[in-house]
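For reference, the structure is listed below as structure tokens.
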Amino acid sequence: MRVAGITQAQCGDVTFVANPRYLPQLATTRASAVIVGAINGVEPRPACALLRSEDPYSAFARAVALFAPGSAAPARGVDPLASIARDVSIGADVSIGPFVAIGAGASIGARTVVYPNAVIGAGARIGDDCAIHSHVSIRERVVVGSRVILHDGVVVGGDGFGFARQPDGTHLKIPQHADVVIEDDVEIGANATIDRPAVGETRIGAGTKIDNLVHIAHGVAVGRRVLLAAQVGIAGSTTIEDDVMMAGQTGVTGHVRVGRGASVGAKSAVLQSVEPGAFVTGHPAIPHGAWRRASMLFRRLPMFRKRVEALEQRVAQLEEKLAAWQARRTDR
Amino acid sequence: MRVAGITQAQCGDVTFVANPRYLPQLATTRASAVIVGAINGVEPRPACALLRSEDPYSAFARAVALFAPGSAAPARGVDPLASIARDVSIGADVSIGPFVAIGAGASIGARTVVYPNAVIGAGARIGDDCAIHSHVSIRERVVVGSRVILHDGVVVGGDGFGFARQPDGTHLKIPQHADVVIEDDVEIGANATIDRPAVGETRIGAGTKIDNLVHIAHGVAVGRRVLLAAQVGIAGSTTIEDDVMMAGQTGVTGHVRVGRGASVGAKSAVLQSVEPGAFVTGHPAIPHGAWRRASMLFRRLPMFRKRVEALEQRVAQLEEKLAAWQARRTDR
Amino acid sequence: MRVAGITQAQCGDVTFVANPRYLPQLATTRASAVIVGAINGVEPRPACALLRSEDPYSAFARAVALFAPGSAAPARGVDPLASIARDVSIGADVSIGPFVAIGAGASIGARTVVYPNAVIGAGARIGDDCAIHSHVSIRERVVVGSRVILHDGVVVGGDGFGFARQPDGTHLKIPQHADVVIEDDVEIGANATIDRPAVGETRIGAGTKIDNLVHIAHGVAVGRRVLLAAQVGIAGSTTIEDDVMMAGQTGVTGHVRVGRGASVGAKSAVLQSVEPGAFVTGHPAIPHGAWRRASMLFRRLPMFRKRVEALEQRVAQLEEKLAAWQARRTDR
């Protein structure tokens, strides 16, 4: 018995329908039980039990957790092949895998799991109950809250991209030594990067979830409960307020503000500040409805050209005709 | 003697021309021999031998392999600085480098090379003749076929980006514990990420080649012999059928299907399903020819505005003139 | 005392204003001193000292360096938990951290710091005074100059994406064994990837700065003092000349040339060569001014449609009227 997708589920499995587009599959699933919300008239297969929930997606999340396989975490304790520098503080019941390097003065909270080959810099502070996956780099003096999950290859605290152009055209590096803070309950996807600023701080607010390969530049402030889908990029010193959602591959320019609860459509380029609650899309990002309507017309531009050309001909003919009449009238 | 580019080649080298735009360089190359297909009248330098091939690019591939430098693989056997958990099955003639961590119950096929600092999770199964480069993370229970190449920093099996929004605005994590399968003869570029779903599976079909920094979300099914260029992103539960090709920086939304043999132009945003064999481009992606024509007109929008304004003035003048005549006729 | 952002600075801190949009904050900062250029009439808070500079951004860079915290580099020498193969040449005063693997025949210059878990391939050559951060992969035979900074997770020398399609639809791998050169004073951001070509070389010119998650394909030549912002991608065999600047998420197609000193706006798709000194933006990239004007009109396409439809109606009415008159005239 397990939780399975509606088409893969076998007899004995639990499945779910949260997205209405999959409702018709209720009639044919082999699952023994289905977690559903409102089902709007689609009849499930007779032998299938319905587990009704006002929030089927959350019920599904809890069901998956119930049936999850055992943890793949390293055993409790510090692996003898880890390298722990002096003055490192290690909480109760941690798991620290082989080839983990922890720099001087760092601290690791209780029950935090550090997977093999992660690197934690000098003076970094990590809270309780975190999962720091393999090949994560937490650079020196970065502060990470509790219940934070950093997937494989995440880099927190690499130098921001800051240079001052010199008269000879070379780029003088502006040292990036200031603070980076990841608050509680943040999750960051594989190979995402969070940069360190020269002054001030880069901060990821509590409960924010960031997908794979996202780039957060130096000095960015990301609020609480923000969702950033894969391959999003946020340029330096920009503020993303609480509860913002951005779809994949979107970029936001530097020194702007995306207001609380705003949404940004996929692959957009946000080039100026966005009002709270707005929904913008496109390059440059404009209100989503306006973008949709304009996009529908974009592909019809060749037809517009023809219509404009036809109008020009018709107007020219009218003008000729009128000129001819006028000439005749003058003759009279 | 080596295989060299047509402009860098020296006396004694073999070079090639597969792309017709480089044909004119035949006249000046210093190479001693050139692999060519149809040469359409460009005369090579007299001292240069022509190695004719119906498929010069494939002949070039084989020539490069012939002259390749010796392997940089670690020596055969398991490095004493590797960490191998209990119940790991290791095939004949493997090479496992230093600081490689292999979790309990994993299996590694014959002649597979695991480069330094790669991490293989508990219960993962890897086939024969694979190359697992440094800093690759193969997470727990991932299944990898034979002759698979994973370049440095690839992450296979990190958690998909799945959360259920709660009434208080927080995001409940949906555990991502289901299957990830990489079939035979797949190659995945540096720092690309392949996510694990909550239910069902994420699958990369046999012979598919994926470039650097590509993101494949949870529950995506990628078919066989697919080519995905760098920085492509595929959102959750989407299906990419066999023989699809996508140019760089393209994104595909979730829950759609890109049909067999379809092509997607660079930096496109595929927002709905694509028919088999179609060639689409743009944001949103539309048929490539339509996108090209519309793009050519996009830059002329200011000129269109002027033409529409001019028409409006001319029509207004015609209307005035007619109104004036009508007034005079009524007077008469 | 430290260097701080203008809003965070406390009594005793030095701050700076390089971007004129922050000038009004001069009146309220609590900083004790401000590095400024021309201040155009905004009066600073009375107790605040002004440190005037013709180039405030460079002065700021130097001030930050003065007040930087101590280095987080590993101690001098080679950590006993590093794995150094035979015939490795190591310069004076290097720092090589734990779990660093260095392949046979590699060389590391004087005072270079290799952070924990970096991997340096056989035969690679690294210059003096470099910083090679954790989880960097420098593949076999790659050449890196002096004063180069590679941030965490950078991959230099992974295989380029080169395949020859076979008659049965499979993809024959073209071995990628040629040269990769990173010249002096280059900095490369976290998780960026620089590929190795089959023939010729991939080269990053002296003084070039590359941001996080950038992809440089095989055979690309990047000139000197180039700036590539985060998530840029450059396709194979393209040339980026000296002093080019590209904003984030831009892509450049293969086999083209971006001329000296050209600029490319954010999220552009450069599909053909760019003239030296040009400034292009968009998808496809066109001159920036043309793109801006066309983008402003794009969102007004629905209004254009209405104007064209209105014109069509008005012209039809005119035509009808004239036809009616003509009919009457003929009657007479």
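For segment C:83-125, a tally of residues being within 27 Å of residue C:159 (Cα to Cα), of a type in the set (Gly, Ala, Ser) and more than 14 Å from chain A (Cβ to nearest Cβ) returns 12. For segment A:174-208, how many residues meet the condition of being touching a Lys or Arg at 6+ places or on another chain (Cβ under 8 Å) and basic (Lys, Arg)? Within segment A:174-208, residues that are touching a Lys or Arg at 6+ places or on another chain (Cβ under 8 Å) and basic (Lys, Arg) number 1.
Filtering segment C:227-246 to residues that are surrounded by 24 or more Cβ atoms within 10 Å (Cβ to Cβ) and over 18 Å from residue B:21 (Cα atoms) leaves C:228, C:229, C:230, C:231, C:232, C:233, C:234, C:240, C:244, C:246. Of all the residues in segment A:303-328, those that are polar (S, T, N, Q) and under 15 Å from residue C:307 (Cβ atoms) number 0. Which of the residues belonging to segment C:155-177 are surrounded by fewer than 24 Cβ atoms within 10 Å (Cβ to Cβ) and acidic (Asp, Glu)? Listed by number, the list holds a single entry, C:168. Pairs are defined by a Cβ separation below 8 Å, a sequence spacing of at least 6 or placement on different chains, a first member in segment A:80-104 that is in a loop (DSSP other than H, G, I, E, B), and a second member that is surrounded by 24 or more Cβ atoms within 10 Å (Cβ to Cβ) and at pLDDT below 95; the pairs so defined are A:97/A:74; A:98/A:74. Take the conditions (1) among the charged types (D, E, K, R); (2) in contact with a Cys (Cβ under 7 Å, 6 or more places away or on another chain); (3) surrounded by 24 or more Cβ atoms within 10 Å (Cβ to Cβ); residue B:152 misses just one of them, which is (2). Of all the residues in segment C:278-332, those that are within 9 Å of chain B (Cβ to nearest Cβ), out of contact with any strand residue (DSSP E or B) (no Cβ under 9 Å at 6 or more places or on another chain), over 21 Å from residue A:320 (Cα atoms) and of a type outside the set (Gly, Ala, Ser) number 8. Here is the figure for segment A:219-231: residues that are among the β-branched types (Val, Ile, Thr) and in a strand (DSSP E or B) total 1.
Restricted to segment A:204-223, and to residues there that are touching a residue at least 40 places away in the same chain (Cβ under 8 Å) and over 13 Å from the mean Cα position of the chain (by Cα), the residue that is surrounded by the most Cβ atoms within 10 Å (Cβ to Cβ) is A:217.
Of the residues making up segment A:275-300, those that are in contact with a helix residue (DSSP H, G or I) (Cβ under 7 Å, 6 or more places away or on another chain) and either closer than 14 Å to residue C:297 by Cα or surrounded by fewer than 16 Cβ atoms within 10 Å (Cβ to Cβ) (or both) are A:282, A:284, A:293, A:294, A:297, A:298. When residue A:180 is tested against (1) under 25 Å from residue C:267 (Cα atoms); (2) touching a Ser or Thr at 6+ places or on another chain (Cβ under 9 Å); (3) crowded, with 22+ Cβ neighbours inside 10 Å, just one condition goes unmet, and that condition is (1). Just to be sure before I move on: is residue B:275 of a type in the set (D, E, K, R) and over 33 Å from the mean Cα position of the chain (by Cα) in the structure I sent? Spelling it out, it is not the case that residue B:275 is of a type in the set (D, E, K, R) and over 33 Å from the mean Cα position of the chain (by Cα). When the residues of segment A:52-79 are filtered to those that are more than 30 Å from residue A:13 (Cβ to Cβ) and assigned to a loop (DSSP other than H, G, I, E, B), the one that is modelled with the highest pLDDT is A:79. Regarding residue B:311, is this residue modelled with pLDDT of 95 or more, of a type in the set (A, V, I, L, M) and surrounded by 19 or more Cβ atoms within 10 Å (Cβ to Cβ)? Against the criterion (modelled with pLDDT of 95 or more, of a type in the set (A, V, I, L, M) and surrounded by 19 or more Cβ atoms within 10 Å (Cβ to Cβ)), residue B:311 qualifies. Among the residues of segment A:119-131, is any at pLDDT 95 or above and within 21 Å of the chain's Cα centre (by Cα)? For segment A:119-131, residues at pLDDT 95 or above and within 21 Å of the chain's Cα centre (by Cα): present. In segment B:151-218, counting only strands (runs of 3 or more DSSP E) that sit wholly within it, the ones holding 1 or more residues that are within 14 Å of chain C (Cβ to nearest Cβ) span B:155-159, B:193-196, B:201-204. Across segment A:261-273, a minimum of one residue is classified as crowded, with 17+ Cβ neighbours inside 10 Å, farther than 30 Å from residue B:291 by Cβ and at pLDDT 95 or above.
Among the residues of segment B:107-129, those that are buried (at least 24 other Cβ atoms within 10 Å of the Cβ) and either outside any loop (DSSP other than H, G, I, E, B) or of a type outside the set (Ser, Thr, Tyr) (or both) comprise B:108, B:114, B:116, B:117, B:118, B:119, B:120, B:121, B:124, B:126.
The set of residues in segment A:128-139 being within 10 Å of chain C (Cβ to nearest Cβ) and either touching a residue at least 40 places away in the same chain (Cβ under 8 Å) or closer than 28 Å to residue C:56 by Cα (or both) consists of A:139 alone.
A search for C-beta distances below 8 Å between a residue of segment C:263-276 that is at positive phi and any residue that is modelled with pLDDT of 95 or more and assigned to a strand (DSSP E or B), counting only pairs 6+ apart in sequence or on different chains, returns C:267/A:251; C:267/A:269. Screening residue B:80 on (1) out of contact with any strand residue (DSSP E or B) (no Cβ under 8 Å at 6 or more places or on another chain); (2) away from chain C (no Cβ under 14 Å) shows it passes everything except condition (2).
The values are calculated or read from the model by the stated rules, or taken from the named source; none is laboratory data. Owing to the predicted nature of the structure, the values given are computational and were not obtained by experimental measurement. For neighbour counting, all protein chains shown are included, and Cβ atoms are generated from backbone atoms with ideal geometry for every residue, glycine included.
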